[in-house]
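Everything on this sheet refers to the single structure shown next.
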Amino acid sequence: MALITAGVGSSHVPLLGVAHDQGKDRDDYFGPIFAGYDWTRAWERAEKPDVVILVYNDHASAFDMKIIPTFAIGCGERYAPADEGWGPRKVPDVIGHPDLGWHIAQSLILDEFDMTIINEMDVDHGLTVPLSMMFGHVDSWPCKVVPLAVNVVTYPPPSGNRCWALGEAIARAVASFPEDINVQIWGTGGMSHQLQGERAGLINAEWDNMFLDGLIGESEHLRRIPHIDYLRETGSEGIEMVMWLIMRGALGPATRALHRHYHVPCSNTAIGHIVLEPASPLSSGA
Ligand code: DHB
Ligand code: FE
C-alpha cells in the first residue's frame, strides 16, 4: 500500500535556481543557504521516495488572470520547466505519475474537494527550485512528481484551515492507493517576504521561526492563523506559507523534526527548510 513517510518544507526563491545553475551555490553569499540542504540531499538519497506530491504555487507561468484555480492537481505524464523570461531552466523535465495523480484527484473530488485537473502545463521556479535544493545536479529527477498547485498569488487564497483539511484528504487518498510505494509530500514557498510596495524587503525572522516551531509536534494552532496575520507579520508574499499546512495536515496529529534550517538573507526573503516525519506511522490501506 502507498504510504506518506515524510514531509518537507522549503522556500522556493528563484535566485537559488540561478545560483545552482551557474555553479555559485558554494560562494560566500549562497554557501550558507545551500549548506542547510546537504543533510536533506543525503537523506533523500537514502530514503529514495517513489513519488513526491509537490505542493507549490505557479507565478503566472502556467496560469494567469484568464484562469486561477484555487487547488489544481497534475495528472500528466511530464512537465517541462517554464520560461520565466530568461529561457527555461536547464533542469530535467519533471516526470508525473498519472495513475497516482488520477487516483488522488478522484479521491479528493469524491471527498468534496473540487480540484482542477491538469494534464498539460509547464512548471516554474515554485516547483523546480525545491527539486534542485533537495536533489542537486542530476540527469533526471530521482522520483516521480504529482504537482499540486495552490493559488496564493491572486486574492483570495484558500485559508490555512482549508489547506490543512486538504492535506488530511490527500493522506486518505494516498493510503487507498493499492501500489506499494513510498510517497513524500512537500510544502513549498515562503517564508516572510514582500516583493513590492512600501514594505518591500520585509523579513520577520521571529515569526518565521514561530511557524517552523509550530510545525513540530501538534500544530493545531497554525491552521487558525488568519490571512490578515500573514499579511501584517510576513508581508504580501508570506501567504505562500499556507502551502506548508497542506504538507503538515497530511502528516497526521503530531510530527517529529529530522532536520531544520533557517537563514537570512536569501534574495528578498528568508530561506526556511524543515524535514518532518509523522510521530506515529500513518495507516495504510485505509
Ligand atoms: C522571491 C521569492 C519568491 O517566493 C518568489 O516567488 C519570487 C522572488 C525573492 O525573494 O526574490
Ligand atoms: Fe514565490
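Bear in mind that the values in this text are calculations on the coordinates, not laboratory data. Values in this document were obtained by computation on a predicted structure and should not be read as measured data. Counting neighbours? That spans all protein chains shown, and the Cβs are built from the backbone with ideal geometry, glycine included.
Cross-link candidates for Lys90: which lysines have Cα within less than 22 Å, leaving aside residues fewer than 8 places away along the same chain?
Filter leaves Lys24, Lys144.
Relative contact order for the chain using alpha-carbon pairs under 8 Å, separation at least 6, rounded to a whole percent? Write out the running numbers ahead of the final one.
Working: 660 pairs, mean separation 88.7, N = 286.
Answer for the chain is 31 percent.
What nm distance separates the two modelled labels at Ile228 and Ile67, each placed 7 Å from Cα along Cα→Cβ?
Spacing of the two 7 Å Cα→Cβ label points: 3.5 nm.
Taking each pair of different alpha-carbon atoms in the stretch 9-278 once, compute 1/r for the pair, average those values, and report the inverse of that mean as the Kirkwood hydrodynamic radius in Å to one decimal.
When all Cα pairs of the stretch 9-278 are included, the Kirkwood radius is 18.4 Å.
Taking springs between alpha-carbon atoms closer than 10 angstrom, which of Leu16, Leu131, Leu231 fluctuates most in the Gaussian network model of the chain?
Sorting by GNM fluctuation, first place goes to Leu231.
In nm², what is the average projected area of the convex hull enclosing the Cα atoms of the stretch 1-160?
It is 10.2 nm².
How much of the DSSP bridge set in the chain is antiparallel, in percent, rounded to the nearest 5?
Percentage antiparallel, nearest 5: 50.
Percent of Cα-Cα pairs more than 22 Å apart in the stretch 95-193, please. Mind showing how you got there, number by number?
Numbers: 1718 of 4851 pairs.
In whole percent, the long-distance tail amounts to 35.
Counting only helical runs of four or more DSSP H residues, what would the 222 nm mean residue ellipticity of the chain come to if each run contributes -39,500 (n - 2.57) and the total is spread over all its residues?
Counting only the DSSP helices, I get -9000 deg cm²/dmol.
Which three lengths, in whole Å and largest first, does the stretch 188-286 cover when its Cα atoms are put on their principal axes?
Its Cα atoms span 50, 25, 21 Å along the three principal axes.
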